Amino acid sequence: AQSVTQLGSHVSVSEGALVLLRCNYSSSVPPYLFWYVQYPNQGLQLLLKYTSAATLVKGINGFEAEFKKSETSFHLTKPSAHMSDAAEYFCAVSGDKIIFGKGTRLHILP
Amino acid sequence: KAGVTQTPRYLIKTRGQQVTLSCSPISGHRSVSWYQQTPGQGLQFLFEYFSETQRNKGNFPGRFSGRQFSNSRSEMNVSTLELGDSALYLCASSLVQGRDTEAFFGQGTRLTVV
């Protein structure tokens, strides 16, 4: 069975500060992991994905994530937050279907 | 290239009615998945279709059904609507089936049951 847990349903950071959104996974097979972003009244957009190549994955809009097998983690980071980053972020693991975490809503403080 | 198109965007129905939602995948994509998104339960997998065949199904009652046509367009139907069916229904298309295949999402259909 596969699952993902996102720590923190709401995260607030100041504009220009580091963004860190946490995701831990559980998978009985080598995982394929994804981060998606959802803006209000929109569908989900893929930020980045890990498919067992490089452990540090770079995505769109300056985001990146590091796969750490020993910690079963796939945390999402961005060095400097921008107001346009305010959205909900979903971590997901892919098996016979994509399993999503509960989501983390990112608030950017001016 | 057009993205995933879901129609209608918004829908209001009365308890007991039935509803049909439509999803047109990206041209050339053969896999279509449906998800229900609610504030309490998050994103929950409904079902996946590939080449007109249902390949996978989530834990939803039989009132939820779907189908895929030969042009890969998909519909989902919910019969005997309940208040708890109010949600954002998202459709995602993929080029093929596969664990590392990116899913492209539509904007969703917001269903409100009153």
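Coordinate-derived values only; no laboratory data. Predicted, not measured: the structure shown is a model, and the values here were computed from it. As a convention, Cβ positions derive from the backbone with ideal geometry for all residues, glycine included, and neighbour counts pool all protein chains shown.
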Residue with peak Gaussian network fluctuation, chain B [Cα springs, cutoff 10 Å], from B:L88, B:L43, B:L21 = B:L43
task = Net charge near B:S72: determine it from the other residues with C-beta under 9 Å of the C-beta of B:S72, scoring Lys and Arg +1 and Asp and Glu -1.
result = +1
ask   = Per residue of A:91-98, what is the mean number of Cβ atoms on other protein chains within 10 angstrom of that residue's Cβ?
value = 5
task = Could you work out the equivalent-ellipsoid semi-axes for region B:9-67, taking the square root of 5 times each eigenvalue of the Cα gyration tensor, largest first, in whole Å?
result = 21, 15, 13
remark   = Protection proxy (average C-beta count within 10 Å per residue), highest first, orders B:3-15, B:28-40 as B:28-40, B:3-15
inquiry  = When the expected Rg is taken as 2.2 N^0.38 Å, what fraction or multiple of it is the alpha-carbon Rg of the protein assembly as shown?
reply    = 1.02
query = If you keep only loop residues by DSSP, which GluC sites (Glu not before Pro) in region A:1-87 have at most 15 other Cβ atoms within 10 Å of their Cβ?
reply = A:E15
query = Considering chain A as a Gaussian network with a 10 Å cut-off on Cα pairs, which listed residue, A:Y39, A:Y50, A:Y89, attains the greatest mean-square fluctuation?
reply = A:Y39
task = List nothing, just return the count: lysine pairs in the protein assembly as shown, 8 or more apart or interchain, with Cα separation under 20 Å.
result = 12
Charge tally in the Cβ shell below 10 Å around A:L76, where Lys, Arg are +1 and Asp, Glu are -1, A:L76 excluded = 0
query = What fraction, in whole percent, of alpha-carbon pairs in region A:51-110 exceed 17 Å separation?
reply = 48
Shielding of B:37-49 by partner chains, average beta-carbon count, 10 Å = 3
remark   = When A:S80, A:S28, B:S94 are ranked with the fewest other C-beta atoms within 10 Å first, the list becomes A:S28, A:S80, B:S94
inquiry  = From the gyration tensor of the Cα coordinates in chain A, what semi-axes in whole Å does the equivalent ellipsoid have, largest first, with each one equal to sqrt(5λ)?
reply    = 23, 14, 12
ask   = For chain B, modelled as a Gaussian network with Cα springs under 10 Å, which listed residue fluctuates most, B:E52, B:E75, B:E102?
value = B:E102
note = In whole percents, the bins of 5 Å from zero upward hold the Cα-Cα pairs of chain B as 2, 13, 24, 26, 19, 10, 4, 1
